[in-house]
Amino acid sequence: MRKPLVAALFALAIAGAGAVPAVAAPAPADGAVGKMATGTTAAAVKTAAAPTLQAVNFAGTVSLSNCSGSVVRFPNSADDDPALVMTNGHCLETGFPEPGEVIVDQASSRSFGLLNSAGTRVGTLRASKVAYSTMTDTDVTIYQLTRTYASIRSTYGISALTVQDTHPTAGTAITVASGYWKRLYSCNIDGFVYRLKEGAWTWKDSVRYTSACQTIGGTSGSPVIDQSTGKVVAVNNTGNEDGERCTDNNPCEVDANGNVTVREGINYAQETYQIPACFGVDNKLDLSASGCTLPKP
């Protein structure tokens with residue numbers, strides 16, 4: 001997971017505004033993900049074409065008490081659906097889900113600070129429940145809000161970010177947008193990790209960033225945005241801080257043959273393309289839906 005917030009503040013003080021890494025990490029001990037250079041999937045060998053890139057801003061991102069997140073919708077979401085906020089599983093207010101644990105439909109009244117394109121907080125959104133949360137195979141929490149997408153757009157002029165429903169591509173130019181720090185980190189997808197192991201948790205097919213995305217505590221849960229489409233392709237969650245092997249805050253990459261690679265200073269995210277298939281009409285979670293591969297309780 002990510003370093004405690006106090007460590008992140010220290011890093012900011014000594015590194016300066018332009019040099020701070022952008023990975024997520026809450027105050028107690030945020031979850032971090034690592035990346036892997038060996039044992040990548042077939043998609044990793046493909047490189048993105050040279051698309052027209054667009055500037056990414058903060059519109060639709062949110063700040064949590066100790067993490068980052070974003071208001072998201074899926075390709076089939078409707079304007080009158082209850083809006084959703086996505087962040088990390090390790091950012092759940094009740095604590096880290098245990099390995100193998102999946103939480104669905106858990107009551108929550110958590111609040112989120114909604115940001116506009118400039119990173120200014122323009123309002124407060126509130127959860128009605130935790131729709132889904134886990135740190136098994138992936139690291140994600142999805143909150144259902146008390147307001148619809150149309151209501152949020154009518155009040156604040158801000159639209160939700162759309163989650164891409166296809167696997168991301170190696171080489172893609174991306175931006176990690178942290179609502180907590182109000183900082184943008186730009187780099188590329190370096191490749192994909194067969195298994196990313198950190199302490200007791202293991203994540204599948206994780207995104208590895210190129211070294212330019214140096215994320216820190218507080219960026220956990222930030223949307224990873226494709227600069228050519230503006231869509232969310234992953235959720236930021238960890239990085240190897242000290243070069244240790246497979247320990248908390250020091251994820252390691254494990255390939256299909258069990259070979260372990262440690263990449264100190266490299267940061268990671270969890271893919272989100274598999275999530276839309278698990279949400280149906282009215283943004284209702286349906287883990288039994290065709291194509292839904294998220295872990296089940």
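The values are calculated or read from the model by the stated rules, or taken from the named source; none is laboratory data. Please read these numbers as outputs of a predicted model, since none were measured by experiment. Counting neighbours? That spans all protein chains shown, and the Cβs are built from the backbone with ideal geometry, glycine included. Only protein heavy atoms, including side chains, enter the accessible area calculation; ligands, DNA and RNA are left aside. Shrake-Rupley method; radii C 1.70, N 1.55, O 1.52, S 1.80 Å.
Does Tyr209 meet the test of being of a type in the set (Ser, Thr, Tyr), open to solvent by less than 30 Å² (accessible area, probe 1.4 Å), modelled with pLDDT of 95 or more and touching a strand residue (DSSP E or B) at 6+ places or on another chain (Cβ under 9 Å)? Quick ask: steps written out before the conclusion?
Numbers: of a type in the set (Ser, Thr, Tyr): yes; open to solvent by less than 30 Å² (accessible area, probe 1.4 Å): yes; modelled with pLDDT of 95 or more: yes; touching a strand residue (DSSP E or B) at 6+ places or on another chain (Cβ under 9 Å): yes.
When the stated conditions are applied, Tyr209 passes them.
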Practice item. Answer with yes or no whether Val260 is under 22 Å from Cys67 (Cβ atoms) and either modelled with pLDDT under 95 or β-branched (Val, Ile, Thr) (or both). Key: no
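Listed residues Phe96, Phe112; which is within 19 Å of the chain's Cα centre (by Cα), at pLDDT 95 or above and part of a strand (DSSP E or B)?
Values: Phe96 fails: part of a strand (DSSP E or B).
The unique qualifying residue is Phe112.
Out of the residues in the range 137-160 that are outside any strand (DSSP E or B), open to solvent by less than 30 Å² (accessible area, probe 1.4 Å) and β-branched (Val, Ile, Thr), state the one that is nearest to Ala200 (Cα to Cα). Talk me through it step by step, then tell me what you get.
Within the range 137-160, the first condition is being outside any strand (DSSP E or B), and the residues that meet it are 138-139, 149-160.
Restricting the remaining residues to those that are open to solvent by less than 30 Å² (accessible area, probe 1.4 Å) gives 138-139, 149, 152, 158, 160.
Restricting the remaining residues to those that are β-branched (Val, Ile, Thr) gives 138, 152, 158.
Values: Thr138: 13, Ile152: 38, Ile158: 38 Å.
Top of the filtered list is Thr138.
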Check your understanding: Only one residue in Ser151, Ser68 is within 16 Å of Val232 (Cα to Cα), modelled with pLDDT of 95 or more and of a type outside the set (A, V, I, L, M, F, W, C). Which one?
Key -> Ser68
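For (1) surrounded by fewer than 22 Cβ atoms within 10 Å (Cβ to Cβ); (2) more than 20 Å from Asn66 (Cβ to Cβ), each residue gets a yes or a no:
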| site | (1), (2) |
| --- | --- |
| Gly119 | yes, no |
| Thr162 | yes, yes |
| His167 | yes, yes |
| Val176 | no, no |
